[in-house]
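J.: Encoded as C-alpha cells, here's the structure I'll be asking about.
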Amino acid sequence: MKDRLNFADYYKNFNKAFAKYGTPCKTSRKIIKDNPDIIPADANDIYNYVARYDMANYQIQAIMKLGGKLDFKKLKKAVRLSVDAEPVLGCRFVKRSTPYWKRCEDIDNIEFCSFVETDNPDEAVQKFLESPLDMDNDPMVKVILIRSGAIDTLGVKMSHVCCDAAGAREYIHLLSDIYCRIDNRDNEFVPNPSKRDKNDHYRLLNSLTENPAPSWDPLAQTAMPTWKFPWKNSRTGATGFAVCRLPQGHLDIMKSYGKARGATINDLILTAVFRAMFEISRPPYGIPMDIPLTIDLRKFLPDKKAEAIRNLSGGVVIRLDRKPKENFEDTLSRIVALTTVVKNGRPSIRSLKWAEFIESMNFHQICAYFKAESQLINMMSQSPVNVFDKCCPILSNFGFISKSLIKFGENVVTDAYIIPPVVRAPGILLVASTYNGVITLGVGYYKSSVNRSHMEGLLDKIRDELVEGCRAQE
C-alpha cells in the first residue's frame with residue numbers, strides 16, 4: 001500500500017510540473033523555408049531529445065557479423081554518402097523555441113566511421129555498445145568496423161532522436177546498397193537526398209481519417225509500473241546490455257505452432273514476456289497487468305513506407321491477468337484475442353493531433369517540464385526506502401532485420417541483432433529481432449540500478465517460455 005501511495009505522490013507532482021511548464025507557445029513558429037541545411041524537428045524528435053534528462057540513453061544499435069573482410073575505405077565512403085542520402089543523419093539538433101535540425105558545417109571532417117583490429121571482438125563489441133552518443137556534438141550515426149583475423153563485425157549506432165527501429169533497419173539496407181554500388185565501381189554514384197518534412201504526418205493523418213476500421217487510442221492508456229522487480233535503485237550512469245538467442249531452427253517451430261493456433265510470432269513473444277513476468281513478479285491472480293507494445297505506424301501508410309528515415313512509431317497497452325496453473329497455449333489464446341482487436345483496428349488520430357500540439361509548444365518549456373520530472377525521480381531515488389521496486393516492461397518486436405541475407409559487396413552478413421535504448425528504472429525496454437532464422441532478445445540497463453544477472457534471468461525466462469511452450473504440444 002505504501003508503494004502505491006509513493007507512486008500516487010510521484011504522478012501528482014509530475015502533473016503539477018506539466019501544468020506549470022506545459023503551456024502552449026504564444027510565439028509564432030519560425031521555420032526557415034527553402035534552406036537545404038535546415039530540417040524541421042517533429043514531436044517524436046522533441047520527445048526523444050528531452051528524454052536525455054536522465055530518462056534514457058536513446059540510441060539504437062545493430063551488430064552484424066560478416067563472413068569475410070570489408071574494404072574500410074569503401075565502407076567509410078559509403079557511410080559518408082549515406083548522410084547525404086538521409087540528410088538528418090548529418091545534422092545536429094538545434095535548441096530553439098521552435099527546434100530544428102541543422103546540417104553540420106564541418107561534415108567532411110566528422111568521423112562517422114572508425115576501425116578497430118583486435119583479438120577479442122566480443123570485448124570490442126561490448127565497448128562500442130556501451131560508449132555514449134553525445135546528442136549535442138556527435139553525428140546522429142556512427143559506424144565501426146571491428147576486425148578479428150579474417151572475420152569482420154560491423155556495428156551501427158544511431159540516435160533515437162532522429163529515427164526509430166524501423167528507421168535503423170532502413171539505414172542498414174541503405175548502407176548495404178551504397179557499399180555494393182561502390183564495390184561495383186560505380187564511382188559516379190550520387191544519392192538523391194530524402195525529403196524529411198511533414199508530408200509523412202499528413203499522409204498518415206489522411207489514411208487514418210479515411211480508414212473505416214475501429215480505432216484504439218494510445219493516449220487513453222497509461223501503463224503503470226506495477227510488476228515487482230529487484231531494482232537496487234533508479235539511478236542512471238554506465239550502461240550494460242544483455243542478449244539471449246533462441247536456438248537455430250526454433251523460428252520454424254514457432255511459425256508452425258503459431259499458424260496452427262492463429263497466432264503471429266509477435267503474439268508468441270508477447271505471451272512469453274507475460275508468462276516470464278508472471279513468474280518473476282507473482283502478481284495476485286485476476287489483477288490485469290500492463291505491457292506496452294510498440295507499433296510501426298508505417299504499416300498504416302498507403303505504401304507502408306516513410307519518405308525519409310524518421311521516428312514513426314506508436315504503441316498500445318496490452319492488459320492481461322495471471323491465472324493459476326495456466327499453460328502456454330491457454331495464455332496465448334487470451335493474448336491472440338487481445339491483439340486481434342489491435343490488428344483489426346487502427347490508431348485514432350488523437351495521438352497525431354497531440355503531436356501537433358507538442359510541436360506548437362515552446363521547446364524550452366518542454367525541457368523545463370522534463371527536467372522537473374527528472375528532479376522528482378532523482379529525489380525519490382535518494383530515499384532510504386527504495387520506492388522503485390516495481391517495473392513497467394515494454395516489448396518492441398523489431399521483426400526481421402532483413403528477410404534475405406544482407407550483402408556488403410561479396411561479403412554476406414551471417415548474423416545480426418538489434419540492441420534497444422536503455423530506459424531508466426522503472427522502465428524496461430525489451431526488443432526482439434530476427435535475422436537468418438535466429439531470434440535475438442536484447443535489453444539495456446543502467447549498471448547502478450540492477451544486477452546484470454536479473455536482466456539475463458528475465459531474457460532466459462522469455463527464451464525458455466518460447467522454447468518449451470511452442471514445443472510442448474507440437
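The values are calculated or read from the model by the stated rules, or taken from the named source; none is laboratory data. Not measured: the values here are computed from a predicted model. Heads up, the Cβs are rebuilt from the backbone with ideal geometry, glycines too, and the neighbour counts pull from every protein chain shown. These area figures cover heavy atoms from the full protein model, side chains too; ligands, DNA and RNA do not enter into them. Shrake-Rupley method; radii C 1.70, N 1.55, O 1.52, S 1.80 Å.
J.: Give me the pairs: first residue in region 454-471 and over 16 Å from residue 261 (Cα atoms) and charged (D, E, K, R), second residue open to solvent by 70 Å² or more (accessible area, probe 1.4 Å) and part of a helix (DSSP H, G or I), beta-carbon distance under 9 Å, and six or more apart or on different chains, which are they?
T.: Close Cβ pairs (under 9 Å, with a partner that is open to solvent by 70 Å² or more (accessible area, probe 1.4 Å) and part of a helix (DSSP H, G or I)) amount to 461/279; 465/279.
J.: Of the conditions (1) of a type outside the set (Ser, Thr, Tyr); (2) open to solvent by 80 Å² or more (accessible area, probe 1.4 Å); (3) in contact (Cβ under 8 Å) with a residue 24 or more places away in the chain, residue 293 satisfies every one except a single condition; which number is it?
T.: Only one criterion in (1) of a type outside the set (Ser, Thr, Tyr); (2) open to solvent by 80 Å² or more (accessible area, probe 1.4 Å); (3) in contact (Cβ under 8 Å) with a residue 24 or more places away in the chain is unmet by residue 293, namely (2).
J.: Ok, one more. If I ask for residues that are hydroxyl-bearing (Ser, Thr, Tyr) and part of a strand (DSSP E or B), which ones from region 222-237 would you list?
T.: The answer is none; no residue qualifies.
J.: Could you tell me whether any residue of region 267-274 is in contact (Cβ under 8 Å) with a residue 60 or more places away in the chain and open to solvent by 20 Å² or more (accessible area, probe 1.4 Å)? First the steps, then the outcome.
T.: Step one: of region 267-274, the residues in contact (Cβ under 8 Å) with a residue 60 or more places away in the chain are 267-274.
Pick out the ones that are also open to solvent by 20 Å² or more (accessible area, probe 1.4 Å) and you get none.
Among the residues of region 267-274, not one is in contact (Cβ under 8 Å) with a residue 60 or more places away in the chain and open to solvent by 20 Å² or more (accessible area, probe 1.4 Å), which makes the answer no.
J.: Please list, ordered by first then second residue, the pairs with beta carbon atoms under 9 Å, 6 or more apart or interchain, first in region 207-220 and of a type in the set (Ser, Thr, Tyr), second open to solvent by 70 Å² or more (accessible area, probe 1.4 Å) and in a loop (DSSP other than H, G, I, E, B).
T.: Matching pairs, first to second residue: 207/302.
J.: Something else about it: Would you be able to tell me the number of residues in region 100-110 that are outside any helix (DSSP H, G or I), in contact (Cβ under 8 Å) with a residue 12 or more places away in the chain and more than 22 Å from the chain's Cα centre (by Cα)?
T.: 4
J.: Within region 185-206, track down each residue that is free of Cβ contacts under 8 Å to residues at least 24 places away in the same chain, under 30 Å from residue 74 (Cα atoms) and of a type in the set (S, T, N, Q).
T.: Matches in region 185-206: 187 only.
J.: Name the helices (runs of 4 or more DSSP H) wholly within region 116-221 that hold at least 2 residues that are under 22 Å from residue 412 (Cα atoms)?
T.: Of the helices (runs of 4 or more DSSP H) lying wholly inside region 116-221, those with at least 2 residues that are under 22 Å from residue 412 (Cα atoms) span 121-130, 165-183.
J.: Step by step: first the residues of region 298-329, then only those that are farther than 30 Å from residue 355 by Cβ and among the acidic types (Asp, Glu), then the one that is most open to solvent (accessible area, probe 1.4 Å). Which residue is that?
T.: In this case the residue turns out to be 329.
J.: I've got another one for you. Does region 400-409 contain at least one residue that is part of a strand (DSSP E or B) and without any contact (Cβ under 8 Å) to a residue 40 or more places away in the chain?
T.: yes
J.: Further question: If residue 170 satisfies all but one of (1) surrounded by fewer than 22 Cβ atoms within 10 Å (Cβ to Cβ); (2) modelled with pLDDT under 95, what's the number of the condition it fails?
T.: (2)
J.: Quick one: in region 96-120, which of the residues that are open to solvent by 40 Å² or more (accessible area, probe 1.4 Å) and touching a Gly at 6+ places or on another chain (Cβ under 9 Å) is modelled with the lowest pLDDT?
T.: So, considering only residues that are open to solvent by 40 Å² or more (accessible area, probe 1.4 Å) and touching a Gly at 6+ places or on another chain (Cβ under 9 Å), the one modelled with the lowest pLDDT is 103.
J.: Taking region 182-208 as the region of interest, how many residues are open to solvent by less than 90 Å² (accessible area, probe 1.4 Å) and either hydroxyl-bearing (Ser, Thr, Tyr) or under 17 Å from residue 297 (Cα atoms) (or both)?
T.: Result for region 182-208: 13.
J.: Then there's this: Go through the residues of region 428-435 one by one and say whether even a single one is in contact (Cβ under 8 Å) with a residue 24 or more places away in the chain and not in a strand (DSSP E or B).
T.: no
J.: Condition check: under 21 Å from the mean Cα position of the chain (by Cα), within 26 Å of residue 313 (Cβ to Cβ), open to solvent by 10 Å² or more (accessible area, probe 1.4 Å) and modelled with pLDDT under 95. Does residue 423 satisfy that?
T.: Details: under 21 Å from the mean Cα position of the chain (by Cα): yes; within 26 Å of residue 313 (Cβ to Cβ): yes; open to solvent by 10 Å² or more (accessible area, probe 1.4 Å): yes; modelled with pLDDT under 95: yes.
So residue 423 passes the test.
J.: Sticking with this one: Among the residues of region 427-441, are any at pLDDT 95 or above, more than 28 Å from residue 145 (Cβ to Cβ) and either aliphatic (A, V, I, L, M) or more than 20 Å from the chain's Cα centre (by Cα) (or both)?
T.: For region 427-441, residues at pLDDT 95 or above, more than 28 Å from residue 145 (Cβ to Cβ) and either aliphatic (A, V, I, L, M) or more than 20 Å from the chain's Cα centre (by Cα) (or both): present.
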